[in-house]
1. Quick one: is Ile25 farther than 20 Å from Ala149 by Cα and aliphatic (A, V, I, L, M)?
2. Filter the stretch 26-46 down to residues that are more than 18 Å from His222 (Cα to Cα) and within 12 Å of the chain's Cα centre (by Cα) and give me whichever is surrounded by the fewest Cβ atoms within 10 Å (Cβ to Cβ).
3. Run Gly61 past the list (1) crowded, with 21+ Cβ neighbours inside 10 Å; (2) touching a Gly at 6+ places or on another chain (Cβ under 7 Å) and report the number of the one that doesn't hold.
4. Taking helices (runs of 4 or more DSSP H) that do not extend beyond the stretch 128-235, which have at least 2 residues that are crowded, with 19+ Cβ neighbours inside 10 Å, out of contact with any helix residue (DSSP H, G or I) (no Cβ under 8 Å at 6 or more places or on another chain) and modelled with pLDDT of 90 or more?
5. Mind checking which pairs have a first residue in the stretch 39-50 that is under 17 Å from Ala200 (Cα atoms) and a second that is at pLDDT below 95 and of a type in the set (Ser, Thr, Tyr), Cβ under 6 Å, 6 or more apart or different chains?
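The values are calculated or read from the model by the stated rules, or taken from the named source; none is laboratory data. Since we're looking at a predicted model, the values are computed, not measured. A quick note on method: Cβ atoms are made from the backbone with ideal geometry, for glycine too, and the neighbour counts reach across all protein chains shown.
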Amino acid sequence: MPAAAAIDIRGLVKCYDDFTAVDDISLRVEAGEFFGFLGPNGAGKTTTINAIVGLARKTGGTISILGYDNQTQWREARRLVGVSPQEFNFDRYLSIRDVLIYAAGYFGLRGRHVDERADMLLERFGLTSKSKLEYTKLSGGQKRRLSLARALIHEPQVLILDEPTAGVDVELRLELWAWLQALNAEGLTVFLTTHYLEEAQELCKRIAIIRAGRIVAEKPTHELIADGSTLQEVFLELTKS
């Protein structure tokens, strides 16, 4: 029997009243893969992520995480996934260290191991000196690092990143790339949405492109770049918007 996919989406549909945001898409992301999910604004990327992690109720289809159905076995599936969303949604009354400690608590984790892991992640992402500050005192780049640290606090096997480098400077973007490549080299599966073509080229081994709720291409990155036509069409649309 083949190993379970990190993310296995089959026939996913998500409708909001008369609008179909995601229209019968299927994707398979293998364990240990660095997978890119590209498309213009409003294409259905974030809706797909929300369906994967259970924040959006599916209209149709199935999603499994490493073999666990994310609807009928949601506790097991959700425990395996860490998410860094587009928007910052930290509790403004917590120190950034407590942001990590509380996030671990949502997964039933507590105690010395969690404290040590929080300190390790703060160190890894250059936030140790800020550990007692509220997140409102952080710069935009530091908030991005905190979002990534929070996504990793419970030691997930799948990391989902929704526009992780949006609005950050070039230096931090390169640092984030290096961190993500190192995490992937350690065996972490990464599912990335981005508007930056060079980011997808640098990081992703395989890319799917979604437009108007449908998958219009899915290929290894080098094949998609070589073909070029679909990528040019999508990124011209992004630039136009």
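1. Taking the combined requirement at face value, the residue satisfies it.
2. Thr46
3. (1)
4. Per the criteria, 140-152.
5. Asn41/Ser241; Lys45/Thr193
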